[in-house]
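To start, the structure under review is shown below, and the notes come after it.
The values are calculated or read from the model by the stated rules, or taken from the named source; none is laboratory data. Nothing here was measured: the structure is a model prediction, and the numbers come from that model. Counting neighbours? That spans all protein chains shown, and the Cβs are built from the backbone with ideal geometry, glycine included.
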Amino acid sequence: MNPLHYLQIGLIVLAGTGPAFAEDARGFPADAGYQDVKTWHEQFLRGEPTKAQRLEAMRTIIRESQLGESGLQRIFRNFSTGNSIDPRISGVERSVLLQLSESTSQAKGYRRELLYASAFHNDPRFSLEEMNRFIVRPWGSTDADIVTRHRPTGLYGRVEVKDYSTWSQATNLGDLKVQIDKMAREGRRTGQPQFWINRREVLPDIRRYANKKGIVVLGNVSTGRSSRGNIISSKEALDMLDQEFTRINRAWAISGGAQLIYGAWMLLNAAPSGWEDLQTVWDPATRTTQAWLRVGEHGSYALSGGGMIISGGALLASRFATERLQADLYSLGHWGGVASLLLFGAGEGLSIARYANGDVTSREFWTTQWILGSTGIGSAAGSWIGETAGILVLKNPIWLALLGRTAGAWLGQEIGRRTANTYYERQFAELDQKFGEAVYKHYGVT
């Protein structure tokens, strides 16, 4: 065989293996559909590829979609620099695969979610935690388009991404309200802020309904970084979310701090008296109805204080917890607060019963009530002032907020005690003066 024959055979082999090599580099045929590419991708992941390899696979999938290379560069900016996204985050690669969906509207919806997710991922204030999380609850199943964490506060939140025209909103009003109800229940269960973001204008009816349920609604939000007319950019939308996370965290901190300090004050004041009362009823010789009322009153106040400590501490600690633990701490804080209020109400009822039975004087009863109120107000005001001062002055409010809460409770107690004493001293002074005038008048003394 002469050299020319060898050359001809080599060219034939090269022509046959060229397309096969191209298919192997891409990993799937050029005309592959969603299911074929999904199967290929599952096999690809079994090989434990690196982050860079998975990112390149995402680029390849976008190239094979209707968007092509131009869409990869124009819409997703090649998933690089300010438009990067981590393929290891749960749900990201699935959203990319769905760009091959036969449903144009479905592919477009996931494309929009990807762009918003990229905005969260590249904003230093946020951490993209998950996309398209399936949620099963007793009140119905749903999915969370984007789960994010606000880094400055540590709070997690859920974002629903929509692209409804006003006509579609009006047509699907009932279904949208059902979804909003599910989001509201999820927010109450986990404490996570819930956001409903629409590409177009939002009907006032939907906005009012969602706001009433505690859902933050943003309309006319683009996926780009520049605003025009009444269209706001994704960055402006994230600015609004940042403000809402900060507001909620501040409310939790103020409420939790006030409960913690006020609960500690109540426990320290009620527990010693409760223990003494318990010793009294333990002895049959001193066991009376009045003694049982005192045990109930001081025991209720002590338990209420303990509940407030648990509730307030859970709210304050939640920002440092993982997502699931944060939801559990929020629930503990909520129900602990409810239980504390019920116990406080029981203590108040028993205190009133003691007053009605003549076990305590009018001065003792009303002074106690006044100090309870003034200390509570002082704790709340001190928590608010300390939290605000900490944020404005130090950008790290923990110790200054604690100082404010403690000082507020102490100041509230002192103001309550001193104003009560001043009031009764003045009352007794006026009574003493009137009694003296009456005696002088009776005996004709001038």
Considering segment 188-210 alone, what residues qualify as being surrounded by fewer than 18 Cβ atoms within 10 Å (Cβ to Cβ) and within 11 Å of the chain's Cα centre (by Cα)?
Arg188, Arg189
Among residues of segment 27-53, those that are within 21 Å of Ile85 (Cβ to Cβ) and either assigned to a helix (DSSP H, G or I) or at pLDDT below 70 (or both), counted
12
Considering residues of segment 131-163 that are among the basic types (Lys, Arg) and part of a strand (DSSP E or B) only, the residue farthest from Arg200 (Cα to Cα):
Arg137
Verdict on Gly109 being part of a helix (DSSP H, G or I) and either within 17 Å of Met131 (Cα to Cα) or at pLDDT 90 or above (or both):
yes
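What's the total number of residues in segment 63-90 that are among the small types (Gly, Ala, Ser) and surrounded by fewer than 14 Cβ atoms within 10 Å (Cβ to Cβ)?
5
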So which of Arg324, Arg319 ends up being surrounded by 15 or more Cβ atoms within 10 Å (Cβ to Cβ), at pLDDT 85 or above and among the basic types (Lys, Arg)?
Arg319
From the list Leu260, Leu268, which one is closer than 27 Å to Leu332 by Cα and crowded, with 16+ Cβ neighbours inside 10 Å?
Leu260
Return yes when Ala144 is in contact (Cβ under 8 Å) with a residue 60 or more places away in the chain and crowded, with 21+ Cβ neighbours inside 10 Å and no when it is not.
no
With the requirement that a residue be in a helix (DSSP H, G or I), under 20 Å from Arg133 (Cβ atoms) and without any contact (Cβ under 8 Å) to a residue 24 or more places away in the chain, what does segment 299-328 give you?
Arg324, Leu325, Asp328
Go through segment 274-293 and count every residue that is modelled with pLDDT under 85 and under 19 Å from Phe344 (Cβ atoms).
2
For Gly307, all conditions in the list (1) modelled with pLDDT of 85 or more; (2) more than 19 Å from the chain's Cα centre (by Cα); (3) within 13 Å of Ser379 (Cβ to Cβ); (4) not aliphatic (A, V, I, L, M) hold save one; what is the number of the exception?
(3)
Looking at segment 278-301 only, could you name the residues that are among the charged types (D, E, K, R) and within 22 Å of Trp370 (Cβ to Cβ)?
Arg294, Glu297
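In segment 271-287, is there at least one residue being within 35 Å of the chain's Cα centre (by Cα), in a helix (DSSP H, G or I) and without any contact (Cβ under 8 Å) to a residue 60 or more places away in the chain?
Yes, segment 271-287 contains at least one residue that is within 35 Å of the chain's Cα centre (by Cα), in a helix (DSSP H, G or I) and without any contact (Cβ under 8 Å) to a residue 60 or more places away in the chain.
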In segment 71-83, is there at least one residue being assigned by TED's automatic domain parsing to the domain that holds Leu45, in contact (Cβ under 8 Å) with a residue 12 or more places away in the chain and assigned to a loop (DSSP other than H, G, I, E, B)?
yes
Which residues, taken from segment 341-359, are aliphatic (A, V, I, L, M) and either in contact (Cβ under 8 Å) with a residue 24 or more places away in the chain or under 22 Å from Leu303 (Cα atoms) (or both)?
Leu341, Leu342, Leu343, Ala346, Leu350, Ile352, Ala353
Are any residues in segment 54-81 small (Gly, Ala, Ser) and within 34 Å of the chain's Cα centre (by Cα), and if so, which ones?
Ser80
Filtering segment 57-92 for residues that are of a type outside the set (A, V, I, L, M), in contact with a strand residue (DSSP E or B) (Cβ under 9 Å, 6 or more places away or on another chain) and more than 21 Å from Gly224 (Cα to Cα) leaves a count of 2
